[in-house]
Amino acid sequence: MAPTLYDKKPKPGDLKEIFRGNYQHWALYVGDGFVVHLSPPSEGPGARANSMMSVLSDKGKVKKEENKDLVGQDQWCVNNQLDEKYQVRPIHEILTEALAYVDQEMPYSVFRGNCEHFVTDLRYGKAESRQVRQVVKTVGIVATLGIVATLGIRIIAFVVGIFRGGRKKKKNEEKEEYK
């Protein structure tokens, strides 16, 4: 089995967060070493969901794969952190619904319907992606800083303009005095 960040073994219905470098892939553990997850349909059996296709594709395919094939050598952990925020649906309902989706194509969007949205919707009945929220939050902070910087530069230019304008007026007044 691939390395886990913690010693916690998954139970059916648990969410698995798989660390892929710049992002995390998410799957739902369904038992007996298998997971169900949403990935771009262009990836063949056993392919890892870490290509640019996830960004470019507008459709995804639900797959049931052996955990070891999906995870490969990447680190992973059981991550049910939203249990504190939402009520967990009954496990038999989660598993029945997850398995009913296998081999189906679904709309896919990195920002509105990715693998994390898919598994959180199965577990909690709420499609949520914390990594998308974090990206949006980061982009918002950067955009806000950009606006603040732009405003700061404009304010400085305005103050300098007033100062220079005032100095020019004073010089013109001094010139008029000497005439």
* Structure fact -> By residue number, the members of the range 81-104 that are among the β-branched types (V, I, T) and more than 22 Å from E65 (Cβ to Cβ) are V88
* Only one of Q73, Q87 is out of contact with any Gly (no Cβ under 9 Å at 6 or more places or on another chain) and either buried (at least 19 other Cβ atoms within 10 Å of the Cβ) or not in a helix (DSSP H, G or I) (or both); which? -> Q73
* Asked: Name the residues in the range 20-36 that are at pLDDT 90 or above and either over 12 Å from the mean Cα position of the chain (by Cα) or outside the structural domain of L95 (by TED's automatic domain parsing) (or both), would you?
  -> A27, L28, Y29, V30, G31, D32, G33, F34, V35, V36
* Since E128 meets every condition but one in (1) over 14 Å from D14 (Cα atoms); (2) of a type in the set (D, E); (3) modelled with pLDDT of 95 or more, which condition does it not meet? -> (3)
* Look at N50 and say whether it is at pLDDT 60 or above, in the same structural domain as T96 (by TED's automatic domain parsing) and in contact with a Phe, Trp or Tyr (Cβ under 9 Å, 6 or more places away or on another chain). => no
* What tally of residues in the range 19-30 results from selecting those that are in a strand (DSSP E or B) and either touching a Gly at 6+ places or on another chain (Cβ under 9 Å) or free of Cβ contacts under 8 Å to residues at least 40 places away in the same chain (or both)? -> 3
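The values are calculated or read from the model by the stated rules, or taken from the named source; none is laboratory data. Bear in mind that the values here come from a model prediction, so they are computed numbers and not experimental data. FYI the Cβ positions are ideal-geometry reconstructions off the backbone, even for glycines, and counts take in every protein chain you see.
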